[in-house]
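Worksheet for the structure shown next.
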Ligand code: KG4
Ligand code: ZN
């Protein structure tokens, strides 16, 4: 089944064609980062307008790169939430129009479920790689979400814990903004931290105990207090602060993940979302989990961040299970994982 996936939940306009939820024929992402950068964050109305401009060219490009026309598409999958409602509606309306005019099955996809499906994808010229067996533990860490869940089957999740305040990526972006590092700042903090000493600045280790929930706003406040006391650092002191912050975030994520593995007895982990691109996170998790004999699966960087191939793949499983949406399908800004 060749599924056309469409995604516009935040600041990426994306379209992809995926065969049987696994083989990516094309994966086109148009980023709006340059539009939002002057404002230090995503401006919802500007996001919606840019999606309107980009959605048709992005779909055309995805079909062209797959070597297909709409005649070669068997179904359409669109993100229905969570995300910015005005942004979500753009790909959703495009998907509805395509499905209606071509008589194709349509299905709405949870964006978080999409992230947790990205690990199963491979390019058309790439041999199959090891993928996690079900059930396994999923750690989803993106700009909007931080969640630990048991992935029981495609589309079937049991949430174990989630952030009580900021998402991990949001904390990276807000700290980067405080440090004058621009938007989005996660990758910049990561790069600077590489030459920093994480022990040079003492930051709190938050959420000791407290089950499997996460929290990053206290850490962000600690960085803000450090800046108030010492001023905005430069040079080595900046690298040290970035390293200390990054270590504190990763330490909390790792501690909670290990607790979740102990609690569930699961032996495989996948890490999804934009923060899975973090180099310290990748190294620390791989090292700590290999010592425990737990297999860690992390998608390549381009599939950690928002894209539409993950939406097409998650849609494929829903379509195969018989799910069909009609034209009453609507965007749900606060859609939770498992819905
Ligand atoms: O998954 P994603 O593309 O979008 C959402 O669905 O939210 O994640 C974007 C987030 C941003 O907060 C960005 O700063 C963060 O991922 N990010 C990183 C890195 N690369 C991207 N955070 C830490 N280290 C990185 N290398
Ligand atoms: Zn995302």
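Values in this text are rule-based calculations from the coordinates and carry no lab data. Small disclaimer: the values here were computed from a predicted structure and weren't measured. Using ideal geometry, Cβ is built from the backbone for each residue, glycine included, and neighbour counts are taken over all protein chains shown.
So for the chain: antiparallel DSSP bridges make up what percent, rounded to the nearest 5?
Details: 26 of 45 bridges.
Around 60 percent of the beta bridges assigned by DSSP in the chain are antiparallel ones.
So how far apart, in nm, are the two label points at residue 37 and residue 197 if each is 7 Å from Cα heading toward Cβ?
With each label point 7 Å from Cα toward Cβ, the separation is 3.3 nm.
What ranking do 290, 328 get, fewest neighbouring Cβ atoms within 10 angstrom at the top?
Numbers: 290 11, 328 6.
Lowest count first: 328, 290.
Defining a contact as two alpha carbons under 8 Å apart and six or more residues distant in sequence, what relative contact order in percent does the chain show? Please list the in-between numbers first.
Details: 757 pairs, mean separation 88.0, N = 339.
It rounds to 26 percent for the chain.
Can you give me the angle between helix 279-291 and the longest principal axis of the chain, using Cα atoms only, in degrees from 0 to 90, rounded to the nearest 10?
Roughly 90 degrees between the two axes.
Over the stretch 64-219, how many percent of alpha carbon pairs lie in each 10 Å bin up to the one with the longest distance?
Pairs per bin, as whole percents: 9, 25, 32, 24, 9, 2, 0.
For the stretch 1-47 and the stretch 234-285, compute the distance between their C-alpha centroids and round to whole Å.
Rounded to whole Å, the Cα centres lie 25 Å apart.
Where does each of 108-120, 78-90 land if you order them by average Cβ count within 10 Å, highest first? Present the calculation step by step, with values, prior to reporting the outcome.
Values: 108-120: 26.9, 78-90: 24.7.
Top to bottom by mean Cβ count within 10 Å: 108-120, 78-90.
As a test of the formula, what do you get for the chain when each DSSP H run with n ≥ 4 contributes -39,500 (n - 2.57) and the sum is divided by the residue count, at 222 nm and rounded to the nearest 500 deg cm²/dmol?
Only helices count here, giving -13500 deg cm²/dmol.
List, largest first, the extents of the alpha carbons of the stretch 217-339 along their principal axes, each in whole Å.
Here the Cα extents, ordered largest to smallest, are 58, 39, 27 Å.
Need one number: the % of Cα-Cα pairs in the chain sitting beyond the 35 Å mark. Let's see the in-between values first.
On the way: 12332 of 57291 pairs.
I get 22 percent for the Cα pairs in the chain exceeding 35 Å.
With the radius of gyration and the Kirkwood radius both derived from the Cα set of the stretch 269-339, what is their ratio Rg to Rh? Mind dumping the intermediate values first?
Details: Rg = 16.2 Å, Rh = 14.8 Å.
Looking at the stretch 269-339, the ratio lands at 1.09.
Hey, fewest Cβ within 10 Å first, where do 18, 28 land in order?
Details: 18 31, 28 23.
With the sparsest Cβ surroundings first, the list reads 28, 18.
Can you give the % of DSSP beta bridges in the stretch 136-298 that are antiparallel, to the nearest 5?
Antiparallel: roughly 60 percent of the beta bridges in the stretch 136-298.
How large is the direction-averaged shadow of the alpha-carbon convex hull of the stretch 136-298, in nm²?
Numbers: hull surface 35.6 nm².
Mean projected area of the Cα convex hull: 8.9 nm².
How far, in degrees from 0 to 90, does helix 217-230 lean away from the longest principal axis of the Cα atoms of the chain, to the nearest 10?
For 217-230 against the chain, the angle is about 50 degrees.
I'd like the distance between the alpha-carbon centres of the stretch 71-145 and the stretch 292-322, rounded to an integer number of Å.
Measuring centre to centre over Cα atoms gives 8 Å.
Would you mind calculating the relative contact order of the stretch 1-159 from Cα pairs under 8 angstrom and at least 6 residues apart, reporting the percent as a whole number? Could the numbers behind the result be given before it?
On the way: 286 pairs, mean separation 35.5, N = 159.
For the stretch 1-159, the relative contact order is 22 percent.
Using Cβ counts within 10 Å as a stand-in for footprinting exposure, how do 310, 178, 207, 92 rank, fewest first?
Sorted ascending by nearby Cβ count, the order is 178, 207, 92, 310.
Take the eigenvalues of the Cα gyration tensor for the stretch 1-100, scale each by 5, and report the square roots as semi-axes in whole Å, largest first.
On the way: eigenvalues 118, 35, 24 Å².
The equivalent ellipsoid of the stretch 1-100 has semi-axes of 24, 13, 11 Å.
For the chain, find the longest principal axis of its Cα atoms and tell me its angle to the long axis of helix 168-178, 0 to 90°, nearest 10.
That helix lies at roughly 60 degrees to the long axis.
So the label point goes 7 Å from the Cα of residue 61 along Cα→C-beta, right? Which residues of the stretch 12-31 then have their backbone N under 19 Å from it?
12-18, 24-31
Taking Cα pairs under 8 Å and at least six residues apart, what relative contact order does the stretch 136-298 come out at, in percent? The partial results should precede the final answer.
On the way: 299 pairs, mean separation 45.8, N = 163.
Relative CO of the stretch 136-298 lands at 28 percent.
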